[in-house]
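Before I ask anything, here is the structure I am working with.
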Amino acid sequence: MLILQKQKGMVRSVDLARHMGYAKPSISHAVTVLRNGGYLTTDTDGYLHLTVAGREIAETIFERHQFFTNQLIDAGIDPAIAEEEACRLEHAISDETFQKLKRHLLRKEEDENTH
């Protein structure tokens with residue numbers, strides 16, 4: 001939803017269904033779960049809006065997604081496959097492990113750039 005919001009501004013359930021390739025009932029169920037969890041709201045026109053808590057989580061997942069996608073592409077993996085794999089990795093790794101991995105790779109890049 002965050003990606004679509006950045007691209008289109010306003011997002012509806014049908015937009016999510018098209019973008020993600022899921023059936024509308026599956027998206028409707030997910031939207032209900034997220035709304036009940038306090039992560040998004042729906043306005044009277046049917047547009048979805050992330051709450052502050054929802055946006056924080058979405059930004060964290062998006063950062064991971066970009067990081068893993070870029071690392072996989074840099075390793076020579078086809079960009080389409082890297083996108084798919086990043087989607088799985090971003091949810092499977094703990095925050096602690098992600099932060100340590102990110103710091104490790106940044107230090108490694110800095111070392112390579114100074115030599």
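Taking only pairs six or more apart or across chains, which ones have beta-carbon atoms under 6 Å, a first residue in the range 51-75 that is surrounded by 17 or more Cβ atoms within 10 Å (Cβ to Cβ), and a second residue that is at pLDDT 95 or above and not hydrophobic (A, V, I, L, M, F, W, C)?
Sorted first by the residue in the range 51-75, then by its partner, the pairs are G54/Y39.
For the range 21-38, indicate whether the set of residues that are in contact with a strand residue (DSSP E or B) (Cβ under 8 Å, 6 or more places away or on another chain) and either within 24 Å of E109 (Cα to Cα) or surrounded by fewer than 17 Cβ atoms within 10 Å (Cβ to Cβ) (or both) is non-empty. Talk me through it step by step, then tell me what you get.
Kept after step one, since they are in contact with a strand residue (DSSP E or B) (Cβ under 8 Å, 6 or more places away or on another chain), are these residues of the range 21-38: 31, 34-35.
Keeping just the survivors that are either within 24 Å of E109 (Cα to Cα) or surrounded by fewer than 17 Cβ atoms within 10 Å (Cβ to Cβ) (or both) gives 35.
Taking every residue of the range 21-38 in turn, at least one turns out to be in contact with a strand residue (DSSP E or B) (Cβ under 8 Å, 6 or more places away or on another chain) and either within 24 Å of E109 (Cα to Cα) or surrounded by fewer than 17 Cβ atoms within 10 Å (Cβ to Cβ) (or both).
Is at least one residue of the range 3-21 hydroxyl-bearing (S, T, Y), assigned to a loop (DSSP other than H, G, I, E, B) and not assigned by TED's automatic domain parsing to the domain that holds F62? Steps first, answer last, please.
From the range 3-21, those hydroxyl-bearing (S, T, Y) are 13; that's our starting set.
Of the ones still in play, those that are also assigned to a loop (DSSP other than H, G, I, E, B) are none.
Within the range 3-21 (the criterion being hydroxyl-bearing (S, T, Y), assigned to a loop (DSSP other than H, G, I, E, B) and not assigned by TED's automatic domain parsing to the domain that holds F62), the answer is no, since none of the residues qualifies.
The values are calculated or read from the model by the stated rules, or taken from the named source; none is laboratory data. As the structure is a prediction and not an experimental result, all values here were calculated from the model. A quick note on method: Cβ atoms are made from the backbone with ideal geometry, for glycine too, and the neighbour counts reach across all protein chains shown.
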